[in-house]
Amino acid sequence: MVLFFLVILIGLPLIEIYFLIQVGSEIGALPTIGLSILTAVIGTLLVRHQGFSVLLRVREMLDRGEAPALAMLDGALLLMAGFFLLLPGFLTDSIGFLLLIPPLRGWVIGRSIDLVPVSRQPPGGRGEHPRIIEGDYRRDD
């Protein structure tokens, strides 16, 4: 796991530098910088718009008494998309714009839920009822 993060921390910036150099050699340095700033601005506006819709969805679910777990995961992926869009570079911008696609976010959430093990036992153990522990307490002030 440490190796994975090391590769990400070293490899991702190197890939971004490579792409920035390649694009800069084709269209020039100033247009490349402008394009990077433009993608950050457009991405920020899109994340803000979609973030408000997720916030409204969470609020509606809470008003109905439902747990907004999936909507919160959707919001977390939007936060990641915003982070990727603010980082300078075309690879991270591509990842950020991909995370702005709602069906793709739904797919990622579905995949992440399938990876989490779910216990099929009731909370108290093997029986049908939860385990209750009785006792007394005293508060000393």
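Points to keep in mind about this one:
- Long-range neighbours under 8 Å by Cβ, at least six apart or interchain, first residue under 17 Å from Gly96 (Cα atoms) within region 12-37, second hydroxyl-bearing (Ser, Thr, Tyr) and assigned to a helix (DSSP H, G or I): Leu12/Thr92; Glu16/Thr92; Leu20/Thr32; Leu20/Ser36
- Here Val7 does not fit the description of being in contact with a Pro (Cβ under 9 Å, 6 or more places away or on another chain) and among the β-branched types (Val, Ile, Thr).
- Test: Val7 is modelled with pLDDT of 90 or more and part of a helix (DSSP H, G or I): no
- Within the set Ile33, Ile21, Ile15, Ile95, the sole residue that is at pLDDT 90 or above and within 12 Å of the chain's Cα centre (by Cα) turns out to be Ile95.
- Residue in region 109-125 that is at pLDDT below 90, buried (at least 16 other Cβ atoms within 10 Å of the Cβ) and over 13 Å from the mean Cα position of the chain (by Cα) present: no
- Only one entry in Gly96, Gly89, Gly82, Gly65 is surrounded by fewer than 18 Cβ atoms within 10 Å (Cβ to Cβ), out of contact with any strand residue (DSSP E or B) (no Cβ under 6 Å at 6 or more places or on another chain) and of a type in the set (Gly, Ala, Ser), namely Gly65.
- Test: Leu78 is touching a Gly at 6+ places or on another chain (Cβ under 7 Å) and among the aliphatic types (A, V, I, L, M): yes
The values are calculated or read from the model by the stated rules, or taken from the named source; none is laboratory data. Just so we're clear, the structure is a prediction, and the values are computed from it rather than from any experiment. Neighbour counts are summed over all protein chains in view; Cβ atoms, including those assigned to glycine, are modelled from backbone coordinates with ideal geometry.
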